[in-house]
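Structure record follows, encoded as structure tokens.
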Amino acid sequence: MTQYEPAKMGEECPVIIEARNVSFTYEGEDESRALPAVNGVSLAVREGEYVCLLGRNGSGKSTLAKLFNLIFTPDSGEILINGKSVSEDMTDDELFEIRRTVGMVFQNPDNQLVATVVEEDVAFGPENLGIPSAEIRSRVDEALSLVGMSEYAKTAPHMLSGGQKQRIAIAGVLAMMPRCIIFDEATAMLDPGGRHDVMEILHRLNKERGITVLNITHHMDEAISADRIYVMNEGRVMLSGTPKEVFRDIEALRTAALEAPAGTELLYELNRLGGDFSLPCLDFAECAEIIANKYKEKN
Ligand code: ADP
Ligand code: MG
């Protein structure tokens, strides 16, 4: 998969996914009561970035993901993939190009696995793209190796654990060699071990392969190691920035029914009792350091 060159990050990198003031309302039985699931959202993900879209259940994350993947089209506003505006009257070739650029992994791996043998499943996507069979073979082998599942190539997917199935689903998307992958609650059905493994794979794909990642999750801890975070609440982006910028604003997070990392919550509560610790800290080591430094200053 030589096409994956680790991308340089920063302002000079092209924007790969963008929403400009996008709104979408599901058509309900009573239109007058329908609230927009996505309400005036603007965001941009640059090539090579690892971005997290964080929000509680029902905040509009999956709807936005489906807008990015052209499953829905916006009622108003604009979605751009690779700088090109996406519209309903795109040609099949244009649609095809977008689906090749942005891959998607969903919550339930059972809904994403289609074949009776793992390697056939992983080959399914590239076959649909019309890739020659020799190249499919090498893509399948490499994709399985990237997710640590090479030894299961001949296994039936139903024999695998949830975490293993999710890794196969990721391999299936990788085999299509997208430049960007959107993971929509891809760890939601996994136990903590499986979740940890899958998160590690996402970070490796980003760091070593330069694949742009948009990880959608309600788990705050998955956002700590992102380059940037967008926090959604009631269909809107209510906070955005680096993890340090976002997790500083405990009150806004609470409005969105989210928490900051445990160490930051602790410092916040200590401040309410009269402390003056600077927020946030992203892990306990950093939290301990902040408290220890203050203690040393005072003694
Ligand atoms: P999230 O992924 O953050 O949990 P969703 O995008 O799934 O949020 O949902 C956003 C809002 O849209 C919620 O109020 C949800 O009830 C509503 N919604 C989601 N899917 C549908 C649907 N197919 N039909 C009607 N309303 C929906
Ligand atoms: Mg969702």
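The values are calculated or read from the model by the stated rules, or taken from the named source; none is laboratory data. Here the structure is a predicted model, which is why all the values come from computation and not from measurement. Note: ideal-geometry Cβ built from the backbone for every residue, glycine included; neighbour counts use all protein chains shown.
Go through 228, 204 for me and flag whichever is under 14 Å from residue 50 (Cα atoms), out of contact with any Cys (no Cβ under 7 Å at 6 or more places or on another chain), crowded, with 19+ Cβ neighbours inside 10 Å and touching a residue at least 12 places away in the same chain (Cβ under 8 Å).
228
Restricting the search to the range 39-57, which residues are under 21 Å from residue 26 (Cβ atoms) and crowded, with 24+ Cβ neighbours inside 10 Å? Working first, answer last.
Start the filter on the range 39-57 by keeping residues that are under 21 Å from residue 26 (Cβ atoms), which leaves 39-43, 53, 55-57.
Those that are under 21 Å from residue 26 (Cβ atoms) and crowded, with 24+ Cβ neighbours inside 10 Å: 41, 53, 55.
Given the residues 239, 270, which is the only one that is in a helix (DSSP H, G or I) and free of Cβ contacts under 8 Å to residues at least 24 places away in the same chain?
It is 270.
Condition first: part of a helix (DSSP H, G or I) and near ligand 1 (Cβ under 6 Å from one of its atoms). Now tell me which residues in the range 58-72 satisfy that.
61, 62, 63
Of the conditions (1) away from ligand 1 (no atom under 14 Å from the Cβ); (2) surrounded by fewer than 17 Cβ atoms within 10 Å (Cβ to Cβ), residue 219 fails just one. Which one is it?
It fails just one condition, (1).
Quick one: which residue in 87, 76, 32 is more than 28 Å from residue 198 (Cα to Cα), modelled with pLDDT of 90 or more, surrounded by fewer than 18 Cβ atoms within 10 Å (Cβ to Cβ) and not acidic (Asp, Glu)?
Among 87, 76, 32, only 76 is more than 28 Å from residue 198 (Cα to Cα), modelled with pLDDT of 90 or more, surrounded by fewer than 18 Cβ atoms within 10 Å (Cβ to Cβ) and not acidic (Asp, Glu).
Suppose we filter 251, 234, 222 for residues that are more than 16 Å from ligand 2 (Cβ to nearest atom), over 18 Å from residue 16 (Cα atoms) and either touching a residue at least 12 places away in the same chain (Cβ under 8 Å) or out of contact with any Cys (no Cβ under 6 Å at 6 or more places or on another chain) (or both); which single one remains?
After applying the criteria, what remains is 251.
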